[in-house]
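Single-structure report; data block below.
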Amino acid sequence: MPGMEAKDIKIHGANLDKAVRDKLPTDHITSILGRLKSDVVATEQILRETKIGMIVNKLRGHSEKAVAELAKEIVNKWKKDVSIKPKSGSSSDAKGEVAMKKESSTNGAASGRDSSNKSTPTPTPARKTGGGSSVDPMKRNKQTDNINYNIYDDDVRNRAVGMIYDGMVIGADATPDDIFKLAQETETQLFMLHHKKTDGQYRARLRSIYFNLKDTKNPNLRKNVWSGRIEPHRLASMTSEEMASAERKREDEKIEQENMKEAMVAKAPTSVTDQLQCGKCKRKNVSYSQAQTRSADEPMTTFCECLQCGHRWKFS
Ligand SMILES: [Zn+2]
């Protein structure tokens, strides 16, 4: 059964805790761990909700090697489970692009067939203001750049080209000509995607493209468009989420990882165990707590203090 449910994980956790406390035979403990290892697909939420991360994590310091080893394996596996999502997120720019390219190459083929009857009028070249313009790049728009965007017999489309230009040109070094070409091509792709209709869907997507382009918190989208990393046909078909800033994605990942750490360790209070032996007085009355040190990739460190003699040590 892939992915044990939270309530079952809780039951296994409670059983595990009890088995350890009652010092049941090692193979009893390892069999519960084995179940957890094979059937739990860890997510941050599962770990947090069931506290299973903390329960298993504690066992990394268990005196029975078989238990400790298995607990370590599980913790490592769960860390991987949890990190799969953010990892795919961080590379989603590149992957997304490949996926989109595949998708749009079929679109491209379709619109290629279409292109014979696509009566795109030759656009009037936008007037060059040149790089020597005195306008603050952040304040560029179709007016400051003297763009003639009335290139179609269709006012909706003309305004769309103008809007895309306004969103795209903010902060750009490129000439009005170059930006205009990109804006015009983006509108053409958008128009094609909507079966040459300027209907509500066309306009909704246009607004989405416009607002995402001009988002000051999302300069990467514009940069990717200028550089050609995001081509007009792709831009025309991107969802708002896909357009969302890379920075924001990175922030989300960071928060996710912090939460993960917290779910695994931060709430682990100092506990007392008779499973750990003091190296000095050899008694087994030890309090311990665990904390993530440095990066999430490194093993968790267990801090121990002997309650008999006060000897302190740590292991990871
Ligand atoms: Zn001691």
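The values are calculated or read from the model by the stated rules, or taken from the named source; none is laboratory data. These numbers come from a predicted model, not from an experiment. Positions of Cβ are backbone-derived with ideal geometry, glycine not excepted, and every protein chain shown enters the neighbour counts. Note: accessible area is taken over every heavy atom of the protein model, side chains too, but ligands, DNA and RNA are not part of it. Shrake-Rupley method; radii C 1.70, N 1.55, O 1.52, S 1.80 Å.
Quick notes
- Checking LEU36, LEU24 one by one, the residue that is farther than 19 Å from GLN290 by Cα, among the hydrophobic types (A, V, I, L, M, F, W, C) and surrounded by 21 or more Cβ atoms within 10 Å (Cβ to Cβ) is LEU36 and no other.
- Qualifying positions in the stretch 189-216 - buried (at least 20 other Cβ atoms within 10 Å of the Cβ), of a type in the set (S, T, N, Q) and more than 23 Å from the chain's Cα centre (by Cα): GLN189
- The lone criterion from (1) within 18 Å of SER289 (Cα to Cα); (2) at pLDDT 90 or above left unmet by ILE74 is number (1).
- On inspection, THR186 passes the criterion of being within 27 Å of the chain's Cα centre (by Cα) and at pLDDT 95 or above.
- Positions within the stretch 208-226 being in contact (Cβ under 8 Å) with a residue 12 or more places away in the chain and charged (D, E, K, R), in sequence order: LYS214, ASP215, LYS217, ARG222
- First in the stretch 193-204 and closer than 12 Å to ARG157 by Cβ, second anywhere and at pLDDT below 90, Cβ under 9 Å, 6 or more apart: LYS196/ASP114; LYS196/LYS118
- Flag if ARG222 is buried (at least 18 other Cβ atoms within 10 Å of the Cβ), among the basic types (Lys, Arg) and in a helix (DSSP H, G or I): yes
- Residue selected from the stretch 39-58 under the condition outside any helix (DSSP H, G or I) and open to solvent by less than 10 Å² (accessible area, probe 1.4 Å), by the criterion farthest from GLN290 (Cα to Cα): VAL40
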